[in-house]
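Only one structure is covered here, and it is reproduced in the block below.
The values are calculated or read from the model by the stated rules, or taken from the named source; none is laboratory data. Fair warning: this is a prediction, and the values are worked out from it, not measured in the lab. Reconstructed Cβ throughout: ideal geometry from the backbone, glycine too, with neighbour counts over all protein chains shown.
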Amino acid sequence: MDKRFFNLFNLTEDQAIALLDTPQDQIGEEDSRYIAASHLVNFPSERSIAALMRAVQQTDPALENRIVRRKAVETLGRLQAVQALPVIQSCLSDADCYTVENAAWAIGEIGTQDPVILEAVAQLLEKPGQTHRVMIHTLAKLNYQPGLDRIRQFTDNPDLPTASAAITAICRLTGDYSQMDKVVGMLQHANVLARRLSIQDLIDARYYEAIPHIAKCPVSLVFRLRGIRLLAEAGIPTQAISFTTIQPALEQSLRDHPHDLDLVHAYDQLPTLAFLIQELYETDFGRCYLATKTILEHYPEAAPAALFATYEREAHNDYGAHFHVMKLFGWLKHAPAYDLLIEALHNQQPQFQKSRAAAAIALGELGDPRAIPDLQTCLNSKIWDLKYAALIALEQLGDTSGYAKATTDQDWLIREMAQAKLSNRHEYVPS
């Protein structure tokens, strides 16, 4: 699990527990029990787990407290706190539908074969007014065969993410892959959340045939890379797939050129450059990629000045737009952006991490060999996609020396990539 973003709150374990135990009506304006419940994921101790369980059992119906209970249940799930299962199970009958969903999710994270708990989750499939996707996912994850017929009724659900989860669950419980093409089709759904969820379903089903389609899905490359990597982790050890079969999709996703994506949005007429620049701030990356593609095709001369201007105004502090601006400077091969890209390459702030790999790819596109030493330092990073992007960029700049070092990298995917590259050059002989 990637925990880079978890520890953003300056609280000790004792402070977080004390804050979480404070009655809601005594909380000061500067304090937050919700933050305390979130922060305790960093402290997998009996004391933290006990405090989170106390928070779940605090049933004040006020909205602020309900939100804290939801987060406490989620954190117990993330901590895989087996001792909390009875408390979490009690939340399955809660009046708050979001607490119910978090409880079902947490049970899936913790894991259990207790038929009473699993049947309680299955019975939620018959409860109206409840989002059923998470229940379906948990039952499939925990292989609850008695829930199969109840899950099957959702395969044609009008809510497509729910239908996708049901199809995936049947695949996991029975080995029937016959309808998985419908889940692949959801990679082109107009709704960005549906596209992201379909990637998760394809991961859960270990549907390796979907890897090239995932690489073309217009969502943030974070979701694409995660999907391809997790499928690789499942399939390569069992020889269901090989690294060389996933390598093209992986590198296509890392390069992240909009021409390599199957875009789901379109413009009725050519928008202004100002409109396209503003689209780079959209949370639906499908819209950002459409804007990027349109800028490259129609405004290559005017775009650099507009990108520098939006960077100064807002994008320097907006991690989504920042990412797209860095990529665009590379695709536009705009040499004056060199210093900005070097700065982005070394940005240590957690929310800007994907911009580092984007900057590496962009520096490769600029073709300036001055970037080689900076890119070489990235090979010491613990961030796998940054290392991979740096290796791609270095090769583009004529430096392939990093591959030999990368064959002993701590990350298995980087080792596989380096060995494949060297094998292709007949420079690497397996020991």
* Pairs where the first residue, in region 276-288, is farther than 13 Å from Asp318 by Cα and the second is in a helix (DSSP H, G or I) and among the acidic types (Asp, Glu), C-beta under 9 Å, 6+ apart -> Arg287/Glu279; Cys288/Glu279
* Enumeration of residues in region 347-371 that are in a helix (DSSP H, G or I) and polar (S, T, N, Q) -> Gln351, Gln353, Ser355
* To do: Output the residues belonging to region 296-346 that are modelled with pLDDT of 95 or more and not in a helix (DSSP H, G or I).
  => Tyr299, Pro300, Glu301, Ala302, Leu332, Lys333, His334, His346
* **Residue pairs meeting the criteria (Cβ under 8 Å; at least 6 apart or on separate chains; first assigned by TED's automatic domain parsing to the domain that holds Ile361, in region 333-346; second at pLDDT 95 or above and of a type in the set (Lys, Arg))** => Tyr338/Arg370; Ala344/Arg356; Leu345/Arg356; His346/Arg356
* **Unmet requirement for Arg196, which otherwise passes all of (1) of a type in the set (D, E, K, R); (2) within 17 Å of the chain's Cα centre (by Cα); (3) closer than 30 Å to Lys421 by Cβ** => (3)
* Would you mention how many residues in region 232-249 are at negative phi and loosely packed, with under 12 Cβ neighbours inside 10 Å? => 3
* Could you say whether any residue in region 124-135 is touching a Ser or Thr at 6+ places or on another chain (Cβ under 8 Å) and in contact (Cβ under 8 Å) with a residue 40 or more places away in the chain? -> yes
* Could you identify the single residue in Asp260, Asp268 that is in contact with a helix residue (DSSP H, G or I) (Cβ under 6 Å, 6 or more places away or on another chain) and of a type in the set (Asp, Glu)? => Asp260
* Asked: Among the residues of region 297-310, is any under 25 Å from Leu187 (Cα atoms) and of a type outside the set (A, V, I, L, M)?
  -> yes
* Asked: Restricting the search to region 347-378, which residues are modelled with pLDDT under 95 and surrounded by fewer than 16 Cβ atoms within 10 Å (Cβ to Cβ)?
  -> Gln348, Gln349, Pro350, Gln351
* To do: Go through (1) acidic (Asp, Glu); (2) touching a residue at least 40 places away in the same chain (Cβ under 8 Å); (3) not in a helix (DSSP H, G or I) and name the single condition Asp385 misses.
  => (3)
* Asked: Being at negative phi, part of a loop (DSSP other than H, G, I, E, B) and β-branched (Val, Ile, Thr), is that true of even one residue in region 77-86?
  -> no
* Qualifying helices (runs of 4 or more DSSP H) (wholly inside region 134-213; at least 1 residues being polar (S, T, N, Q)) -> 160-174, 192-204
